[in-house]
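Worksheet: one structure, shown below.
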Amino acid sequence: MIVRSVNFLAIGNLTMANNVKDMTGAGRSIDDIMAQVESLQNPDRASHSGGGGGSGMEYRIRRLEEDMSELKSDMKIVRSDLAELKGKVSLLPGYPGIASIMALVGGALLIVSRLFPAGTP
């Protein structure tokens, strides 16, 4: 919590504080406190880390909307890729198909081993 017993002297765009105290116990410098006050006065330059309202809210909402539209377009790409993968997976043989293939390979190896017996050198 910052106690705002601040006497401001405004000259054009220049703002000076005569009496600024950090009551949070964080040991912040006057420059740090004044930077926070400046960011609160100019919300478009603030970090927009949440909280509060004011004119910074519109900026944060606009950014969220832009991010959501990007996520939606990314989701469309993911859906199309998923549909393509589903089509390819459906062409793969299931357990019965794999068992049939193994039986055919095993039978072919058995036939080849009977036709060409291994001779002793």
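What follows draws every value from the coordinates through simple rules; no lab data is involved. Given the structure is predicted, the values throughout are model-derived calculations rather than measurements. Here the Cβ positions follow ideal geometry from the backbone for every residue, glycine too, while neighbour counts run over all protein chains shown.
Side notes on the structure shown:
- Between Asp67 and Ile101, the contour length at 0.36 nm per residue exceeds the alpha carbon distance by 7.3 nm.
- Only Cα sites of the stretch 52-99 enter the Debye sum here, all with the same form factor; the resulting log10 I(q)/I(0) across q = 0.13, 0.20, 0.28, 0.29 1/Å is -0.54, -0.75, -0.94, -0.96, listed in q order.
- Net charge dipole size for the stretch 52-99 [Lys, Arg +1 and Asp, Glu -1 on Cβ; Debye, nearest 20]: 180
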